[in-house]
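Below is one structure, written out as structure tokens, with a few remarks after it.
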Amino acid sequence: MRFAVISFPGSNCDRDLYYAIVDSLGEQADLISYTSTDLSKYDTILIPGGFSYGDYLRSGAIAKFAPAMKSVKAFAASGRPVIGICNGFQILTEAGLLPGTLQHNTNISFISEWEPLEVVNNKTPFTNQYQVNQKIKLPIAHGDGNYYCDDDTLKSLKQNHQIVFKYRNNPNGSVDDIAGIVNRKGNVLGMMPHPERATEKILGGQDGLTLFQSILNSIKVRSLS
Amino acid sequence: MYLAKIYVSHKKSILDPQGEAIKSALHRLNYNDVNSITQGKYFITKLDSQSKSDADQTVRSICKDLLVNQNMETYQYELKEV
């Protein structure tokens, strides 16, 4: 199984993700540049957190035009898994791969805390190793994590079971306590919490590792069928 | 050459956390007649367009493509020949 982690200028969680895949999960990963356009040898694409392009204009607004993003769109359209974490989630919404927007936290503070979450949907390639309604704990670290979408979008997110993770004590003002969503097809995940920072006990928790194990499981199941 | 001044702000229906924080700071400074305040962005761009209608089209297009997130922001602009 080979994962690609795309580094943009200003990404700062790319090495954490690489570590989570290679050292914690025990699979192969490459750190690739935002200028790379050939994603053919990868099974999963990971878009890391950080401050791509300094968060100029809006978080993720400039990164959506990076050369790699065209290939990410094609990769996503082929049905293979794509995950955007934190700034990666912001990039995926700006690129139109996920609905809604991440805006400033309602209290305008940067929040760096372990947050209790609930797994709302465990029937995705990213959550199949969790129990439904399982209570988990992952770190968040963001200033722009306040998920916003209009009422019609929220309705369709609910109807299509696209809400995957919810905050149990909404820290940032997100609509409907949303912490992570998938696209309609279910193969693109965006989430503000950082699973890659919760893959070993010594880091404070292992609930993030389950997410990466879920991807592994879904790819294995797919290749058997 | 054409000059466009583009103003981007939060849609009225969406809470503007920065505007709210500024408002409460102003109230702490005893500017109690400040009823509301919205923080936005202001862009000034010069365009080498052939005509005013071309310039107008470019301004709308760059707002849609990059300057404005239409999920939560709205914009207005002034355009003149310089």
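I need the full set of residues from the stretch A:75-97 which are open to solvent by 30 Å² or more (accessible area, probe 1.4 Å), of a type in the set (A, V, I, L, M) and not in a helix (DSSP H, G or I), in order please. Within the stretch A:75-97, A:97 is the sole residue that qualifies. Checking each residue in the stretch B:51-82 for being open to solvent by 50 Å² or more (accessible area, probe 1.4 Å), in contact (Cβ under 8 Å) with a residue 12 or more places away in the chain, away from every other protein chain (no Cβ under 14 Å) and not basic (Lys, Arg) picks out B:76, B:77, B:78, B:81, B:82.
Name the residues in the stretch A:149-187 that are open to solvent by 40 Å² or more (accessible area, probe 1.4 Å) and in contact with a helix residue (DSSP H, G or I) (Cβ under 7 Å, 6 or more places away or on another chain), would you? Residues satisfying the conditions are A:166, A:170, A:176. Entry remark, the stretch A:188-208: residues being surrounded by fewer than 20 Cβ atoms within 10 Å (Cβ to Cβ) and not polar (S, T, N, Q) number 6 in total.
Before we move on, is residue A:78 touching a residue at least 12 places away in the same chain (Cβ under 8 Å) and not aliphatic (A, V, I, L, M)? When the stated conditions are applied, residue A:78 does not pass them. Taking the stretch A:33-74 as the range and being touching a Phe, Trp or Tyr at 6+ places or on another chain (Cβ under 6 Å) and in a helix (DSSP H, G or I) as the test, the residues that pass are A:52, A:63, A:68. For the stretch B:6-27, taking the residues that are within 11 Å of chain A (Cβ to nearest Cβ) and of a type in the set (S, T, N, Q), the one that is most open to solvent (accessible area, probe 1.4 Å) is identified as B:13.
Output the residue which, of all residues in the stretch A:98-123 that are more than 13 Å from chain B (Cβ to nearest Cβ) and more than 19 Å from residue A:162 (Cα to Cα), is least open to solvent (accessible area, probe 1.4 Å). In this case the residue turns out to be A:115. Restricting attention to the stretch A:32-66 and to residues that are away from chain B (no Cβ under 14 Å) and open to solvent by 60 Å² or more (accessible area, probe 1.4 Å), the residue that is nearest to the chain's Cα centre (by Cα) turns out to be A:51. Considering only residues that are over 16 Å from residue A:28 (Cα atoms) and in contact (Cβ under 8 Å) with a residue 24 or more places away in the chain, which ones fall in the stretch A:212-221? Passing the criteria: only A:218.
The values are calculated or read from the model by the stated rules, or taken from the named source; none is laboratory data. Owing to the predicted nature of the structure, the values given are computational and were not obtained by experimental measurement. Reconstructed Cβ throughout: ideal geometry from the backbone, glycine too, with neighbour counts over all protein chains shown. Please note that ligands, DNA and RNA were not included when accessible areas were found on the heavy atoms of the full protein model with its side chains. Shrake-Rupley method; radii C 1.70, N 1.55, O 1.52, S 1.80 Å.
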